[in-house]
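Read the structure below first, then the notes.
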Amino acid sequence: MRYAIYFTPRQDEPLARIAANWLGRDPFGAATRPVEAVGDLSAAEVAFHTASARRYGFHATLKAPFRLAANETEASLRAALDSFAEATPVVMIPRLVVSQIDGFFALVPEAPLQALNRFAGDVVLAFDRFRAPLSEAEIERRSPDSLKPDEFRNLCQWGYPYVFETFRFHMTLSGRAGPQESLRLRAAIERLFAEVLLRPVPVDALTLFVETEPGAPFMVLSHHALGRRPARKTA
């Protein structure tokens, strides 16, 4: 079993609904759904291009998938998420745009956001005690020979190559696509998400995902809203 700390919009938000329809799966529920044709892409082509992203669900990685440390429990992890979230303010992304990163398409902030990068780094630091060290096999699966020196150092120290200086907030929408496929794929994504991308996106929660067994789809386990909650009135 592995856990991951992601950002994803609430299930009822338009961005989450559109992304779930595009990927063919809502991580808040177990069922997959048939994908539909978009623009010039047939339903079969959409299903092909979204296959690798479908298993993870629509998200931005903050703390990459990890096995739980021997001295921690799921309950202690969830309690720490509650405490961290309560003390952490919401970060606003003024606008997301479609971008292609290393061949795959994702939604990314239109401009760099230092507050967002600091928030992501704080999550990495705060929850690293819950992560069991990577095994040799897990390191090998990251293709360490293809990583830059600082990325490999991050992988060994933090369990993920893309943290701190190498972090880039992104919400993945496809697998890698070649030059001939990319134009049609980008056009379909931009057409589908056009209206919702006009709105700012509040990073207003941490969401705990779980992979119950190797290769299983990642599912939402708990949702932790950011920001101090008002005190409850007592009699």
(request) Would you check which residues across region 2-51 are over 15 Å from Val196 (Cα atoms) and among the acidic types (Asp, Glu) and list them? (result) Asp26, Glu36, Asp40, Glu45
(request) Looking at (1) in contact with a Phe, Trp or Tyr (Cβ under 7 Å, 6 or more places away or on another chain); (2) within 15 Å of Ala4 (Cβ to Cβ), find the lone condition where Leu134 falls short. (result) (1)
(request) Go through region 19-44 and give me each residue that's open to solvent by less than 60 Å² (accessible area, probe 1.4 Å) and more than 27 Å from Tyr160 (Cβ to Cβ). (result) Val35, Val38, Gly39, Leu41, Ser42, Ala43
(request) Could you tell me whether region 99-120 includes any residue that is charged (D, E, K, R) and free of Cβ contacts under 8 Å to residues at least 12 places away in the same chain? (result) yes
(message) Just to confirm my filter: which helices (runs of 4 or more DSSP H) fall fully inside region 1-89 and include at least 3 residues that are of a type outside the set (A, V, I, L, M), touching a His at 6+ places or on another chain (Cβ under 9 Å) and touching a residue at least 12 places away in the same chain (Cβ under 8 Å)?
(response) 74-86
(request) Name the single residue, out of those in region 71-110 being of a type in the set (Val, Ile, Thr), within 16 Å of Leu226 (Cα to Cα) and in contact with a strand residue (DSSP E or B) (Cβ under 6 Å, 6 or more places away or on another chain), that is least open to solvent (accessible area, probe 1.4 Å). (result) Ile93
(request) Would you mind finding the one in Pro109, Pro133 that is farther than 15 Å from Val163 by Cβ and touching a Lys or Arg at 6+ places or on another chain (Cβ under 8 Å)? (result) Pro109
(message) Based on this model, can you work out whether Ser76 counts as hydroxyl-bearing (Ser, Thr, Tyr), on the phi < 0 side of the Ramachandran plot, modelled with pLDDT of 95 or more and more than 16 Å from the chain's Cα centre (by Cα)?
(response) yes
(message) Need pairs with beta-carbon distance below 6 Å; first residue farther than 16 Å from Arg67 by Cβ and within region 139-164, second open to solvent by 30 Å² or more (accessible area, probe 1.4 Å) and hydrophobic (A, V, I, L, M, F, W, C); sequence gap 6+ or separate chains.
(response) Pro144/Phe152
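The values are calculated or read from the model by the stated rules, or taken from the named source; none is laboratory data. Worth saying up front: this structure is predicted, and the values here are computed from it rather than measured. So basically every Cβ, Gly included, is an ideal-geometry build from the backbone, and we count neighbours across all protein chains shown. Protein only, heavy atoms only, side chains kept; ligands, DNA and RNA dropped before computing areas. Shrake-Rupley method; radii C 1.70, N 1.55, O 1.52, S 1.80 Å.
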